[in-house]
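Written out below as structure tokens is the structure these notes cover.
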Amino acid sequence: MTTTVRAIRLQEFGAPEVMQLTPVELPAPAAGEARVRHTAIGFNFIDVYQRRGTYPLPVGTGLGHEAAGVVEAVGAGVTDIAVGDRVAYMNAGLGAYAEARNVPADKLVKLPDNLSDEQAAAVIFKGMTAQYLVRHTHAVKPGDTVLVHAAAGAVGQILAGWAKALGARVIGTAGGAAKCERARAAGCDIAIDYSQGDWVRQVRDATGGQGVTVVYDAVGKDTFMGSLDCAQTFGLVVLYGGASGPAPAIEPEILNKKGCLFLTRPSVFPHNADPARFRANAKDLFDAIAAGHVKVEIGARFPLAEVARAHEAAERRETTGAILLLP
């Protein structure tokens, strides 16, 4: 049965005002799909880049990668998801900025009773990013020393706390005294203000000149070359974002000269492309939340109709913690 819902659509790219809440006809779920009535929608800064056109999208597209809600209907062949299930997703394509949508049922994960819809929407994308970084890209273990850039950011705080819970010594970098304090509260043993002085030297000094086991770098352009200098011999540099811009191109030989380093550029989606692996990874995240290793901080809530205000607040760095949109 077709129903009408409101959803954000972009007919052009630019300032927050280009996001228009538009009536959309939503057909009955096709085979293999489920219709999810959203109760909470997550925000990530990639949404800003896509809205601006920094990451080009087709005109007329929606926005948003993650949401939580309740299954209203299922299509033919769907057996593992049922009407009434509380679910979340983060890898079902763009379009989460909507009151409801049809998504492939194998992209949904059922929520445990101890996790609210708002918590799930706030953490599913960011937490799954941290999950693959500390479990798969490098399996953090006792005795490791890890460096987390942007440790006061949403993913950075989760990374720091989870790595600490896994037994690592955690060094974080952040910009300013207040953010360094937030990084320490999240789990960093040492927080370095990279706006003050030679942060690479401070990292090396904090490790007795040895360097760290692994660097988690989501900043890119401004930190990447320094990250290479912070890794120990045979260490790993994980470039998983570019908040300051793309990292500079390097010749492979530089990895040899800086200590036979390993370098990887992963992302969350390939790590969760297989439905069974996605659900196993999500269970790992939910277990970490239940154990207190991952904390969910919601910093602000905005009605979906006021999505422009949410983007403005994010761009002005007016909030800490996750931003939610409520349909």
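Candidates Val78, Val71: the one that is in contact with an Asp or Glu (Cβ under 9 Å, 6 or more places away or on another chain), surrounded by 17 or more Cβ atoms within 10 Å (Cβ to Cβ) and without any contact (Cβ under 8 Å) to a residue 40 or more places away in the chain is Val71. Taking the stated definitions as given, is Ala280 over 27 Å from Gln202 (Cα atoms), out of contact with any Pro (no Cβ under 7 Å at 6 or more places or on another chain), surrounded by fewer than 16 Cβ atoms within 10 Å (Cβ to Cβ) and in the same structural domain as Arg37 (by TED's automatic domain parsing)? Criteria met by Ala280.
Just one of the listed residues (Gly245, Gly259) is at pLDDT 95 or above, on the phi > 0 side of the Ramachandran plot and part of a loop (DSSP other than H, G, I, E, B), namely Gly259. Restricting the first member to the range 280-297 and to residues that are under 17 Å from Ala186 (Cα atoms), and the second to residues that are outside any helix (DSSP H, G or I), the beta-carbon pairs closer than 7 Å and six or more apart or on different chains are Leu285/Val294; Ala288/Val294; Ile289/Leu115; Ile289/Val296; Ala290/Asn114; Glu297/Gly321; Glu297/Ala322. Note on the range 16-61: residues that are crowded, with 18+ Cβ neighbours inside 10 Å and in a loop (DSSP other than H, G, I, E, B) total 3. Picking from residues in the range 162-185 that are touching a residue at least 40 places away in the same chain (Cβ under 8 Å) and crowded, with 24+ Cβ neighbours inside 10 Å, the one that is nearest to the chain's Cα centre (by Cα) is Trp162. Within the range 209-245, the set of residues being within 20 Å of the chain's Cα centre (by Cα) and hydrophobic (A, V, I, L, M, F, W, C) comprises Val214, Val215, Ala218, Val219, Phe224, Val237, Val238, Leu239, Ala243.
Checked against (1) in a loop (DSSP other than H, G, I, E, B); (2) closer than 30 Å to Val203 by Cβ, Ile158 meets all criteria but (1). Restricting Glu306, Glu318 to residues that are part of a loop (DSSP other than H, G, I, E, B), out of contact with any strand residue (DSSP E or B) (no Cβ under 7 Å at 6 or more places or on another chain), assigned by TED's automatic domain parsing to the domain that holds Arg51 and under 30 Å from Leu21 (Cα atoms) narrows the list to Glu318. Comparison of Val103, Val140, Val83 shows that the only residue that is crowded, with 19+ Cβ neighbours inside 10 Å, part of a loop (DSSP other than H, G, I, E, B) and of a type in the set (Val, Ile, Thr) is Val140. When we screen Pro248, Pro270 for residues that are within 17 Å of the chain's Cα centre (by Cα) and either over 19 Å from Trp162 (Cβ atoms) or assigned by TED's automatic domain parsing to the domain that holds Tyr194 (or both), the only hit is Pro270.
Of all residue pairs spaced 6 or more apart or on separate chains, those with beta-carbon atoms under 7 Å, a first member in the range 204-223 that is within 10 Å of Val146 (Cα to Cα) and a second member that is modelled with pLDDT of 95 or more and polar (S, T, N, Q) are Gly211/Gln232; Val212/Thr145; Val212/Gln232; Thr213/Thr145; Thr213/Gln232; Val215/Ser227.
The values are calculated or read from the model by the stated rules, or taken from the named source; none is laboratory data. Predicted, not measured: the structure shown is a model, and the values here were computed from it. Note: ideal-geometry Cβ built from the backbone for every residue, glycine included; neighbour counts use all protein chains shown.
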